[in-house]
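> Structure below; questions to follow.
The values are calculated or read from the model by the stated rules, or taken from the named source; none is laboratory data. Computed from a predicted structure; not experimentally measured. Cβ placement follows ideal geometry from the backbone for every residue including glycine, while neighbour counts extend to all protein chains displayed.
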Amino acid sequence: MKGSCLCGAIEVSTADRSKIDVCHCRMCRQWGGGPMLAVHCGQDVTFSGTQKASTYQSSDWAERGFCPTCGTHLFYHLLPADEYILPAGLFEELTHFEMNSQIFIDQKPSYYEFGNATPTMTGEQVFAQFSESGD
């Protein structure tokens with residue numbers, strides 16, 4: 001899959017993915033104005049182009065990347081696992097995605113609702129899962 005920021009200065013490519021996960025946490029909503037429609041890419045991401053992404057360390061375990069020219073959100077990077085999670089909107093071909101799950105459902109505001117029937121997890125459940133896996 002290939003995509004880029006709005007100005008085209010940063011291009012991204014990764015293996016083909018078919019699932020997106022939705023994060024309703026306050027930080028993702030504040031960052032992007034709504035829930036993050038996330039494509040989990042692991043370490044299999046290549047960034048290229050005329051610019052390098054700027055980063056903001058948003059927690060002890062993660063940083064967020066964006067284009068320094070146009071401000072497009074490029075990634076959420078889990079530092080301990082070196083895992084990249086990219087916004088689905090970056091990619092040119094969006095028609096093959098299927099919503100897989102929703103996390104931080106307890107932080108989702110009442111003014112929107114997805115009709116997709118997906119598994120959901122609260123913030124507490126998400127953190128418990130990371131603790132169990134040793135991350």
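> Does the range 95-104 include one or more residues that are free of Cβ contacts under 8 Å to residues at least 60 places away in the same chain and either of a type in the set (A, V, I, L, M) or in a strand (DSSP E or B) (or both)?
Taking every residue of the range 95-104 in turn, none turns out to be free of Cβ contacts under 8 Å to residues at least 60 places away in the same chain and either of a type in the set (A, V, I, L, M) or in a strand (DSSP E or B) (or both).
> Within the range 1-22, track down each residue that is surrounded by 16 or more Cβ atoms within 10 Å (Cβ to Cβ), outside any strand (DSSP E or B) and of a type outside the set (A, V, I, L, M).
C5, R17
> Suppose the filter is closer than 16 Å to I103 by Cβ and over 12 Å from the mean Cα position of the chain (by Cα); does R17 pass it?
When the stated conditions are applied, R17 does not pass them.
> Taking only the range 23-80 into account, find how many residues are within 29 Å of Y111 (Cα to Cα), among the hydroxyl-bearing types (S, T, Y) and not in a loop (DSSP other than H, G, I, E, B).
2
> In the range 114-134, what count of residues is obtained for those that are assigned to a loop (DSSP other than H, G, I, E, B) and either at pLDDT 95 or above or under 18 Å from the mean Cα position of the chain (by Cα) (or both)?
Of the residues in that region, 4 qualify.
> Out of the range 46-65, which residues are among the small types (G, A, S) and touching a Pro at 6+ places or on another chain (Cβ under 8 Å)?
A53, S54
> Another question, then. When only residues in the range 47-86 that are hydroxyl-bearing (S, T, Y) and in contact with a His (Cβ under 8 Å, 6 or more places away or on another chain) count, which is nearest to K19 (Cα to Cα)?
The qualifying residue nearest to K19 (Cα to Cα) is Y84.
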